[in-house]
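Colleague: I'd like to ask you about the structure that follows.
The values are calculated or read from the model by the stated rules, or taken from the named source; none is laboratory data. All of these numbers come straight from a predicted model, not from anything done at the bench. For neighbour counting, all protein chains shown are included, and Cβ atoms are generated from backbone atoms with ideal geometry for every residue, glycine included. In case anyone asks, the SASA skips ligands and DNA or RNA and just uses the protein heavy atoms, side chains included. Shrake-Rupley method; radii C 1.70, N 1.55, O 1.52, S 1.80 Å.
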Amino acid sequence: MLLRRGDRGPAVADLRDALASLQLLPGLNGSDRMQVEFDDAVDRAIRDFQQRRGLIADGIVGPVTARSLTDARWTLGSRTLSHTLSVATTGDDVMALQTRLAEMGYNTGRPDGIFGPLTEQSVRDFQRHRGLADDGVFGAQTYKELNRIGRMVTGGRPQYLREYQLVRQAGPRLHGKRIVIDPAHGADDAGWTCGEVRAADLTFDIAQRLRSRMVTAGMSVVLTRGAHENPSQEERAAFANSVGADLLLSLHIDGSASPHACGIATFHFGTDSGATSTVGETLAGLVQRELVARTRFADCRVHHRPWDILRLTRMPAIQVEMGYLSNPAERGRLVSSEFRNQLADGMLVAVKRLYLDGRDDPHTGTFTFSDLLAHERRIRDSA
């Protein structure tokens, strides 16, 4: 259920209670819960919360905002945490636990606020090392022991070396790399539209062009949807996890009420507390530079976001906004087949640069598809 300005009733009262617990609004103080309204004050508080959490600040409370409101209520030690197979335990307290354990050298994976198998194993390891019962449940005794020993390291990115080493071990060849391409929208969700031009159709077309190039380079590639399908963000992420992908690229085309909005932006997983996907951030930077150099679109830069398609995937994932369909100049180029080829070439080259890791790295915007195939052949022949 979506909640927005003008709604009223118990669901809005619950929303106000959640905002009051975060000190974003005063409490209801015995108001009639049936008559509580989603007014201007609630709208401002929701937009403030969304902006703080890196969500789209539209003032609408949908599933993502509702889950974030629930996650934000929890602080480390306020409840018992454990790994459950039915519904994953999520929250800011899980994120804080993962960060603390990572600072102590435990491999929790990327801090994502989800109490999964890696987090459970890290809790078990910590408990065993501290002489506690290693049941993997983070309860009062484990919390007390964690606080007693304090932090061993603060700041930095404890996961950086692990992720970086995986990329180095994968080698510079694209052959055998498994990639998931996620064209946004689909089916009844057309995304931004302008006349008969639909963002969903353009992202699917670009995804097919990118897949064709990647397959030619020897990569294994799958798409998260067909031409007339629209899986949820959770389903797309679960699919990418199920095929054991090395990378996920989610392709989007933006739009705005203003025809002057323009440019390319790329996103990777990250939170304002410092949790991030290091390889995702590196790939996002490579894609951003490559596409801006090739298209000459405005550089809207690289940003971190906690969006589900980035947060729920176990592999490095990025979301690419490839221009604005609402901008007449950018729309004119996006409907061009040649331009969509440029976008596909740029993203493939950026992936290649990730695995090259600076070795024999040509200048940004100059590496062609033919150059890439020739480089692949040279690496294969010299192996």
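Colleague: What nm distance separates the two modelled labels at Asp299 and Val215, each placed 7 Å from Cα along Cα→Cβ?
Modeller: A separation of 3.5 nm, rounded to one decimal place.
Colleague: Find how much the distance from Asp135 to Asp272 grows on full extension, using 0.36 nm per residue of separation minus their present alpha carbon separation; answer in nm with one decimal.
Modeller: Working it through step by step, the gained length comes to 46.2 nm.
Colleague: So what J values fall out for the stretch 315-322 if you push phi through Karplus, 6.51 cos²θ - 1.76 cosθ + 1.60 with θ = phi - 60°, rounded to Hz, Gly and Pro as x?
Modeller: Calculated HN-Hα couplings, in order: 9, x, 9, 9, 10, 10, 9, 9 Hz.
Colleague: Which of rounded, prolate or oblate describes the stretch 266-374 when judged by the alpha-carbon gyration tensor and an a/c cut-off of 1.5?
Modeller: Oblate shape, in that a/c is at least 1.5 and b/c is the bigger or equal ratio.
Colleague: Still on this structure, please answer the following. Once you've got the GNM for the chain with C-alpha springs shorter than 10 Å, pick whichever of His129, His83, His303 has the biggest mean-square fluctuation.
Modeller: His129
Colleague: Using the beta-carbon distance between Asp14 and Ser82 and R0 = 30 Å, what value does 1/(1 + (r/R0)^6) give for FRET efficiency, to the nearest 0.05?
Modeller: Efficiency, from the Cβ-Cβ distance: 0.70.
Colleague: Return the sequence-ordered ³J(HN,Hα) values of the stretch 323-328 in whole Hz as given by the Karplus equation 6.51 cos²θ - 1.76 cosθ + 1.60 applied to θ = phi - 60°, using x for Gly and Pro.
Modeller: x, 10, 5, 7, 8, x
Colleague: With θ set to phi - 60°, apply the Karplus curve 6.51 cos²θ - 1.76 cosθ + 1.60 along the stretch 99-111 and write out the HN-Hα couplings as whole Hz, x wherever there is a Gly or Pro.
Modeller: 5, 4, 5, 5, 5, 8, x, 7, 8, 8, x, 6, x
Colleague: Additional query: Note the full-extension length gain between Arg5 and Gln342 as 0.36 nm times their separation in residues minus their Cα-Cα distance, in nm to one decimal.
Modeller: So the extension gain works out to 117.1 nm.
Colleague: Give me the extension gain from Ala41 to Asn29: residue separation times 0.36 nm, minus the current Cα-Cα distance, reported in nm with one decimal.
Modeller: Result: 2.7 nm gained on full extension.
Colleague: Sticking with this one: Write down Rg/Rh for the stretch 13-65, rounded to two decimals, with Rg from the C-alpha atoms and Rh from the Kirkwood relation over Cα pairs.
Modeller: 0.96
Colleague: Another one. For the chain, what does the alpha-carbon gyration tensor say about shape, rounded, prolate or oblate, given a ≥ b ≥ c as the root eigenvalues, a/c under 1.5 as rounded, and a/b over b/c as prolate?
Modeller: Because a/c hits 1.5 or more and a/b fails to exceed b/c, the chain counts as oblate.
Colleague: Over the stretch 1-124, give the accessible area per residue in Å² for a 1.4 Å probe, as an integer.
Modeller: 49 Å²
Colleague: For a quick check of your reading of the filter: which trypsin sites (Lys or Arg not before Pro) in the stretch 236-331 sit in a DSSP loop and have no more than 13 other Cβ atoms within 10 Å?
Modeller: The qualifying sites are Arg296.
Colleague: Working from the pairwise distances between different alpha carbons, so that the mean of 1/r is found and then inverted, what is the stretch 1-41's Kirkwood radius in Å?
Modeller: About 10.1 Å, per the Kirkwood formula over Cα pairs.
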